[in-house]
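Asker: Quick one: this structure, given as C-alpha cells, is what I'll be asking you about.
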Amino acid sequence: MTSTLRWKALLVLVVVLACLVGLVCFRKMPEGKTRLLVPRSLADLRANLEGRINLGLDLRGGMHLILQVQVDDAINSETDQVVERLRTLLREQAISYQAVRKTDATHVLVTGIPADQLNSARGFLQESYAGSAVSPAYVIGSLPAEQSGFVLEMTPSLQAQLRQEAQRNSIETIRQRVDALGVAEPTIAEHGRGEWEILVQLPGVDDPARVKSILQSTALLEIKLVEDGPYASETDALAKTGGILPPDSMLVREASGARGAQAGGPQWYIVSRTSVVTGRDLRSARSQPNAERPGAYEVSFSLSRDGAARFGPFTERNVGRPLAVVLDNRIQSVAEIQSRIDDAGRITGTFTLQQASDLALVLRSGSLPASIKYLEERTVGPSLGADSIRAGFIASLVGLLLVAFSMLFYYRLSGTNAVVCLVLNLLILLVAIADIRLGFGLLAAAALAWWIHPAAGLLATGFAWAFVAVSGTPVSATLTLPGIAGVALTVGMAVDSNVLVFERIREELRLGKSVVAAVENGFDRAITTILDTHVTTIVSAAVLFMFGTGPIKGFAVTLTIGLLANLFTAVYISRAIFEFVLARQARPTTLSI
Amino acid sequence: MIELFRTPNYDFLKWKWHCVGLSLALLIAGGGSLVMKGGPRYGIDFKGGTLVRLKFADAPDLDRIRAALRQEGLGSSTIQRYGRPDSNEVIIGTEQVGREEEALDTSRQAILTAMRATFQAPAGKLDLNNSGTDSLADALLRFDPLALAGQPGEAATRYRGIAERITGFRDNERGGLLRSFQELRILEGVPPVVAQTLEQQAFLSPFVVRKGEVVGPRVGRQLRRQALLATGLALAGMLVYIGLRFRQWVYGSAAVVAVFHDVLITVGFLSLFNYEFNLNIVAALLTLVGYSVNDTIVTFDRIRENVRLLRRERFADLVNHSVNQTLSRTILTSGLTFLTVLALFFLGGEVLHGFAFTLGVGMIAGTYSTVFIASPVVVGWIERRGHMGASGAGRKGS
C-alpha cells in the first residue's frame, strides 16, 4: 500500500469523525452560542441535534411579513415641522409675515413680508435653511412681487436622506418592539431594492393579528391643549367656528374605544396644532388597572427630564383648561388640568390587560417615523410545520432507501461503495446546514486534498474544526421544506456520479483491461463529465439562491452543498475506497460491479 | 453483472421524425390547454390575494362554508378540499379585494369571521384551538385557576409552562386540533383544576387555521418579474457554460433547444393537470433546466470523445453509437432520480406535490429529449453543414 493511500484513508476517517463530532458534540445554548458538550445519554444526543439544525419558518411555524415604510410620511412631517419652527423663528427675528404655509410635501411658502424686511428675511432663511454645500437642505426662491415672500423647496438630497433615516429608524423601532415581545431569533432586515421594504420573520409567533397591530402601530403620542369641544360631528364643530378653524388649531376625533360603554359615538374636539409633549419625551410607560373602571386597564407614563421641564410650567399656566391625550391622531382621553403636573400622566380608556400592555410596549419603543403598510403576510401554524417535517423526512428516507437498494442490487459490492459515499455526502450536508463554516471548511479541505496532498486536506479539516469549536457562535443555514426536497434530490443526483464512473469501469472491463487499469481509466474518463453535470446544476441553484424567497433559498442551499460534497465523496472518496480494497488483494482479477 | 442493456445498438436516429411529431403533439396539447385556460393557473404568489388553509375536526361541509362566505360578501372565493381526504383540510382563496394594500387583511378577517359565525363560536370565550401559547398563558394568568395572584413571578412561569404543554400537545400530537376537553384532563403536566377552568372559560372550535397567506398585488408583480428574470438568467448561464465548454455553438444550441422543449412540455403538463403555478414550481423548473442540460452534456461529451476516436465513422452513426454507449447511464440515473421524485410526490406532503410532479415530468422529458431531440438536432446541423466534431476536422457527412 502506498503512503499516499494511507494518507487518503486517514483523511477519510478524520472527515467522518469531524462530521460526526461536529454534528453531535455541540449544543446550542439558549443565548445563541454553541458549546462543546459530549452527549452521555440518548436525551443529550437529541437535545444536541435539535438545536443544531435551524428550521425555516415553514417547518417551525411562524410569521413572515414584508412591509413597506411610507417614507414620504417622514418628508411630510419634516415639512410640517419646518412650518411650525419657521413661525416661531420669524417671530423671534422680528420679521413680520402674513402667512407661512405648506403647499405640498416639499414646499413651504412664506408670504407677506414687508418690502424693507425682504433682504434680511432672505439672509435669515439662507442661513437657517440652505444647509451646507455638501448637503444642501433647501433651495430658497423668491415669490412674485405681489406675494412678497419666499418659497423653500426641499432638495432631493435632503429628501433621500430623510427617506433613508425613516427606513433605518423604522427597522430600529420594529426591532425594539419585536424584542419586547420576546420573539426568539427574529429576522428584521431591509428587503428588495430601493422600495423601502422591510422583511420581518418571526419564528414561533402564533398570534399574527396581535403582532401585526403592534408592529404597525405608529404609536405617535401627543399631548395637546383642547381649544374647544366636544362636538357630536365634524360639521357641528365647523359650524360653531364659522367654517374656519382658529389659527394653529386642528380638528381631531376621539378614538372609538375612548368612551367605553358610555352612550354616544366618538366626539370631535378642536385642539392646538402644537403638542406640549410627544412620545419622544417619554421616559417609561406601563400598564396598570384603571382605578375608576374596574376590569379596565390604562397606561401610565412618566416624562423625561426635558419633557418635564416643559410640561410643568405649561400645566401651571393652563390650570383649569382641558388637555387631550392624542394617540395616532385619535383622542384617547381628555381631562382638565387640576394643578401643575411635572412628569407623569395616564392614558385612560377601556383597554383590556393585553391592549394596555401592548400600548405600553409600543410607547416604550418609540413612535415609527412613518406609517407602514403590509405588502405580504404568510403565517404557518405550528402543527403544519410538524406535519411538514414528518412528511419531508419520510419522503427523503424512502428515497434514500430506494436508491441505496437499487445501487446495491445493480452494482453489488461496488454498490456498497456508492452507498457509503451517499451516506457520507448526507453527513457532510447535515454538518454544513448545522454550521456552514464547518461545511465549507470540509469542502475546502477536500479541494486541498485533491489538488495538493491528503495531508493538506487533513490540516484544513483540523483547522476548520478547531475554528468552529473555539468561535462559539454558529453560522447556520436554514432548513426549509423545499430544502428537504433538495436533500432528497441530492440523493438522486449524487448517485449519477457513481453511475457514470461505474458504467465507465464496466466498459473498460469489457474492453479487457485489468481491474486496476479499468478503475483508474473509469475515474479519469468520467471526471470531466461529472464536473460538467455538477456545474450546470450549481449554476441553476445559484440563480435560485439570488432570486428565490426564503424557502426556495433553502432549496438552493441544500442542493448546492449536496452537489459540492458529492464531488468529494463520489469522486475522491469513492476512488480511495476502490484503491484501498484493490491494494489489499495481491493481484485483483475480478471486481464486483 | 446485472446489465440493463448488453452492448445496446439501437438506431435512435431512425425515429427522429416520429419523435419530432410526438413532441409537437405534446407541445400543442399543452399550449392548447394554456390557451383554453387563459394562461397558467397562477398561485397566490404571482396573482396576489388571500388564502386561508383550515383543518376541521370532521369532514367539512363545503356548502355550509360557501354559504357562510357568501354572507360575508366573499361569494366569489374558491373552496377546495386539500390533501388526503381524511385530513379534513380545506383551502379558501379569494382574489385581491380592491387595489390598495390596506385591503390586504380584510378578506382574511372576513373569512375567519364567516368561519366563526358558521361554527357558532361562543362570543367572548377563548378559542383554545386557535390561540397561541402567548394568548393562552395570558388567559390562564387572568383566570388564575391555581390562585397564584399573590406571586406574580411564579404565576407567570407556571402558567406559561402549562400553556406550552397544552399547545405542544395540541400541535405535535393532535395535529393542531383538540377534539374535547377530555384530552386535557388526562394530559400530564396540566393540573386538573386548570383543565376544569379551561373547560368553563374556553371552547374548542371545530377548525384550526393552519396557514394564512396574504400577498399584495405589488409583491405579486415583483415575484412574477423575479421568476422570469431567474429563469432567463439560468438559461443564459447554461448557454454561456456550454458555449465555453464545447466551443462549438451547435452543441450549445442543441442543448438549449432540448431545455426549452423540456420546460415548455412541463409547463404544458402543469396546465393539463391543472397544477397551480407558484414559486415552488419555478424552483422545480429551474432545477429541471440544470438537470436537462446535465443529461444532454453527458451524451455530447461522449460524442466529442468519439469524434476524436472514431474519425472514420459516418457522423450519424457516431452519434447513434454515443447515445447507445451512454444509454445505461442515462436510464439508470434518470430512473434513480425519478425514484426519489416519486417518493417526494407520494410521501412529501401537499406542498411538495406540485414540485415533485414538475420534476417528474421534466425528468422524463429531459431524458427523452437528450436522446431523441438534442442528438438529431446536432446530426441534422452538422450533416447539412458538412462539418463535424470538436477537433474541427471537416468531413463530409455521407
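The values are calculated or read from the model by the stated rules, or taken from the named source; none is laboratory data. Note that the coordinates shown come from a computational prediction; the quantities given were computed from them, not determined experimentally. Because the Cβ atoms are built from the backbone with ideal geometry, glycine has one as well, and the counts that use them run over all protein chains shown.
Asker: Could you check how many residues of the stretch B:284-306 are of a type in the set (G, A, S) and at pLDDT 85 or above?
Answerer: Going residue by residue through the stretch B:284-306, those that are of a type in the set (G, A, S) are B:284, B:290, B:292.
This time we only want the ones that are at pLDDT 85 or above, so: B:284, B:292.
Residues that pass the stated criteria total 2.
Asker: Given the conditions (1) surrounded by 22 or more Cβ atoms within 10 Å (Cβ to Cβ); (2) more than 11 Å from chain B (Cβ to nearest Cβ), which single one is not true for A:A485?
Answerer: Failing condition for A:A485: (2).
Asker: Sticking with this structure for a sec: Can you tell me which residue is surrounded by the fewest Cβ atoms within 10 Å (Cβ to Cβ) among those in the stretch B:269-316 that are within 17 Å of A:A526 (Cα to Cα) and charged (D, E, K, R)?
Answerer: In this case the residue turns out to be B:R308.
Asker: Looking at the stretch B:28-46, can you tell me whether even one residue there is within 14 Å of chain A (Cβ to nearest Cβ) and touching a helix residue (DSSP H, G or I) at 6+ places or on another chain (Cβ under 6 Å)? Working first, answer last.
Answerer: Here is the first cut: in the stretch B:28-46, the residues within 14 Å of chain A (Cβ to nearest Cβ) are B:43-46.
Still in the running and touching a helix residue (DSSP H, G or I) at 6+ places or on another chain (Cβ under 6 Å): B:45-46.
Within the stretch B:28-46 (the criterion being within 14 Å of chain A (Cβ to nearest Cβ) and touching a helix residue (DSSP H, G or I) at 6+ places or on another chain (Cβ under 6 Å)), the answer is yes, since at least one residue qualifies.
Asker: Here's a follow-up. Name the residue that is surrounded by the most Cβ atoms within 10 Å (Cβ to Cβ), counting only residues in the stretch A:197-221 that are outside any helix (DSSP H, G or I) and within 12 Å of chain B (Cβ to nearest Cβ). Even if it seems obvious, please write down each step before you answer.
Answerer: As a first pass, look at the stretch A:197-221 and keep what is outside any helix (DSSP H, G or I): A:197-207, A:217-221.
Next cut, within 12 Å of chain B (Cβ to nearest Cβ) only: A:197, A:199, A:202, A:204-207.
Numbers: A:E197: 22, A:L199: 18, A:L202: 23, A:G204: 19, A:V205: 28, A:D206: 24, A:D207: 20.
It comes out as A:V205.
Asker: Also, quick follow-up: Go through the stretch B:163-202 and report how many residues are touching a helix residue (DSSP H, G or I) at 6+ places or on another chain (Cβ under 9 Å) and within 14 Å of B:S131 (Cα to Cα).
Answerer: 14
Asker: Of all residues in the stretch B:1-56, how many are within 30 Å of B:I382 (Cα to Cα) and either among the acidic types (D, E) or part of a helix (DSSP H, G or I) (or both)?
Answerer: Residues of the stretch B:1-56 that are within 30 Å of B:I382 (Cα to Cα), as a first pass: B:5-28.
After this cut, where a residue has to be either among the acidic types (D, E) or part of a helix (DSSP H, G or I) (or both) as well, the list is B:11-28.
Count: 18.
Asker: I've got another one for you. Is it the case, given these coordinates, that B:V341 is more than 8 Å from chain A (Cβ to nearest Cβ) and either farther than 20 Å from B:V263 by Cβ or not small (G, A, S) (or both)? Don't jump to the end; show me each part of the working.
Answerer: Values: more than 8 Å from chain A (Cβ to nearest Cβ): no; either farther than 20 Å from B:V263 by Cβ or not small (G, A, S) (or both): yes.
No.
Asker: For the stretch B:217-234, give me each residue that is more than 7 Å from chain A (Cβ to nearest Cβ) and farther than 30 Å from B:S107 by Cα.
Answerer: B:T231, B:G232, listed by residue number.
Asker: Let me ask another. Can you name the residue in the stretch B:271-310 that is over 19 Å from B:G252 (Cβ atoms) and free of Cβ contacts under 8 Å to residues at least 60 places away in the same chain and, of all such residues, is nearest to the other protein chains (Cβ to nearest Cβ)?
Answerer: Restricting to residues being over 19 Å from B:G252 (Cβ atoms) and free of Cβ contacts under 8 Å to residues at least 60 places away in the same chain, the top hit is B:V282.
Yes or no, residue by residue, for (1) surrounded by fewer than 21 Cβ atoms within 10 Å (Cβ to Cβ); (2) in contact (Cβ under 8 Å) with a residue 40 or more places away in the chain; (3) under 29 Å from B:D45 (Cβ atoms); (4) of a type in the set (F, W, Y):
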{"position": "B:R116", "(1), (2), (3), (4)": "yes, yes, yes, no"}
{"position": "B:A121", "(1), (2), (3), (4)": "yes, yes, no, no"}
{"position": "B:K125", "(1), (2), (3), (4)": "yes, yes, no, no"}
{"position": "B:I166", "(1), (2), (3), (4)": "no, no, no, no"}
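Asker: Would it be correct to say that A:R390 is among the basic types (K, R), crowded, with 18+ Cβ neighbours inside 10 Å and within 14 Å of chain B (Cβ to nearest Cβ)? Give the derivation first.
Answerer: Details: among the basic types (K, R): yes; crowded, with 18+ Cβ neighbours inside 10 Å: no; within 14 Å of chain B (Cβ to nearest Cβ): yes.
No; evaluated as a whole, the condition is false for this residue.
Asker: While we're looking at this one, here's another question. Could you give every pair whose Cβ atoms fall below 6 Å, whose first residue belongs to the stretch A:89-111 and is within 20 Å of A:T155 (Cα to Cα), and whose second residue is among the acidic types (D, E), counting only separations of at least 6 or pairs across chains?
Answerer: A:H107/A:E153
Asker: Of all residues in the stretch A:499-557 being in contact with a strand residue (DSSP E or B) (Cβ under 9 Å, 6 or more places away or on another chain) and surrounded by fewer than 23 Cβ atoms within 10 Å (Cβ to Cβ), which is nearest to the other protein chains (Cβ to nearest Cβ)?
Answerer: Among those residues, the one meeting the criterion is A:T549.
Asker: Is there a residue being of a type outside the set (A, V, I, L, M, F, W, C), within 26 Å of A:S371 (Cβ to Cβ) and out of contact with any His (no Cβ under 9 Å at 6 or more places or on another chain) anywhere in the stretch A:316-328? It would help to see each step written out before you state the result.
Answerer: Within the stretch A:316-328, the first condition is being of a type outside the set (A, V, I, L, M, F, W, C), and the residues that meet it are A:316-318, A:320-322, A:328.
Filter once more, keeping what is within 26 Å of A:S371 (Cβ to Cβ): A:328.
Next, only the ones that are out of contact with any His (no Cβ under 9 Å at 6 or more places or on another chain) stay: A:328.
Scanning the stretch A:316-328 turns up at least one residue that is of a type outside the set (A, V, I, L, M, F, W, C), within 26 Å of A:S371 (Cβ to Cβ) and out of contact with any His (no Cβ under 9 Å at 6 or more places or on another chain).
Asker: Can you confirm whether the stretch A:414-434 contains a residue that is surrounded by 19 or more Cβ atoms within 10 Å (Cβ to Cβ), more than 29 Å from A:S3 (Cβ to Cβ), among the hydroxyl-bearing types (S, T, Y) and assigned by TED's automatic domain parsing to the domain that holds A:V557?
Answerer: No, because not a single residue in the stretch A:414-434 is surrounded by 19 or more Cβ atoms within 10 Å (Cβ to Cβ), more than 29 Å from A:S3 (Cβ to Cβ), among the hydroxyl-bearing types (S, T, Y) and assigned by TED's automatic domain parsing to the domain that holds A:V557.
Asker: Does B:R179 satisfy the condition of being in a helix (DSSP H, G or I), more than 20 Å from A:M63 (Cα to Cα) and within 14 Å of chain A (Cβ to nearest Cβ)? Before the answer, list the steps.
Answerer: Details: in a helix (DSSP H, G or I): no; more than 20 Å from A:M63 (Cα to Cα): yes; within 14 Å of chain A (Cβ to nearest Cβ): yes.
Criteria not met by B:R179.
Asker: Restricting attention to the stretch A:309-346, which residues are closer than 18 Å to A:V362 by Cβ and charged (D, E, K, R)?
Answerer: Applying the first criterion (closer than 18 Å to A:V362 by Cβ) to the stretch A:309-346 yields A:325-333, A:345-346.
Selection gives A:D328, A:R330, A:R346.
Asker: Next question. Within the stretch A:47-88, work out how many residues are within 30 Å of A:I552 (Cβ to Cβ), among the acidic types (D, E) and without any contact (Cβ under 8 Å) to a residue 40 or more places away in the chain.
Answerer: Number satisfying all stated conditions: 1.
Asker: Taking into account only those residues within the stretch B:138-151 that are among the hydrophobic types (A, V, I, L, M, F, W, C) and within 11 Å of another protein chain (Cβ to nearest Cβ), which is surrounded by the most Cβ atoms within 10 Å (Cβ to Cβ)? Outline the logic, then answer.
Answerer: So in the stretch B:138-151, the residues among the hydrophobic types (A, V, I, L, M, F, W, C) come out as B:139-141, B:143, B:146-149.
Those left that are additionally within 11 Å of another protein chain (Cβ to nearest Cβ): B:139, B:141.
Working: B:A139: 20, B:L141: 18.
Only one residue fits best here, namely B:A139.
Asker: Taking the residues in the stretch A:354-387 that are more than 7 Å from chain B (Cβ to nearest Cβ), hydrophobic (A, V, I, L, M, F, W, C) and more than 22 Å from B:G48 (Cα to Cα) as candidates, determine which candidate is surrounded by the fewest Cβ atoms within 10 Å (Cβ to Cβ).
Answerer: Here the residue is A:L361.
Asker: Hey, any hits in the stretch A:106-123 for a residue that's assigned to a strand (DSSP E or B) and within 14 Å of another protein chain (Cβ to nearest Cβ)? Before you say what the answer is, go through the steps one by one.
Answerer: In the first step, residues of the stretch A:106-123 are kept if they are assigned to a strand (DSSP E or B); the result is A:107-111.
The next check asks that each one be within 14 Å of another protein chain (Cβ to nearest Cβ); those that pass are none.
No, the stretch A:106-123 has no match at all.
Asker: Also, I was wondering about something else. Can we say A:L49 is in a helix (DSSP H, G or I), aliphatic (A, V, I, L, M) and outside the structural domain of A:Y138 (by TED's automatic domain parsing)?
Answerer: On the way: in a helix (DSSP H, G or I): yes; aliphatic (A, V, I, L, M): yes; outside the structural domain of A:Y138 (by TED's automatic domain parsing): yes.
The answer is yes for A:L49.
Asker: Follow-up question, since we're still on this one. Can you tell me which of A:V515, A:V557, A:V539, A:V495 is over 25 Å from B:S328 (Cα atoms) and touching a residue at least 60 places away in the same chain (Cβ under 8 Å)? Full working, then the answer.
Answerer: Numbers: A:V515 fails: over 25 Å from B:S328 (Cα atoms); A:V539 fails: touching a residue at least 60 places away in the same chain (Cβ under 8 Å); A:V495 fails: over 25 Å from B:S328 (Cα atoms).
Result: A:V557 is the single residue among A:V515, A:V557, A:V539, A:V495 that is over 25 Å from B:S328 (Cα atoms) and touching a residue at least 60 places away in the same chain (Cβ under 8 Å).
Asker: Which of the residues belonging to the stretch B:243-259 are under 20 Å from the mean Cα position of the chain (by Cα) and either of a type outside the set (A, V, I, L, M, F, W, C) or surrounded by fewer than 23 Cβ atoms within 10 Å (Cβ to Cβ) (or both)? So that I can check it myself, show each step before the final result.
Answerer: Initially, the stretch B:243-259 is screened for residues under 20 Å from the mean Cα position of the chain (by Cα), giving B:259.
The answer is none; no residue qualifies.
Asker: Can you name the residue in the stretch A:161-196 that is assigned to a helix (DSSP H, G or I) and within 14 Å of chain B (Cβ to nearest Cβ) and is also farthest from B:T157 (Cα to Cα) among such residues?
Answerer: That would be A:V178.
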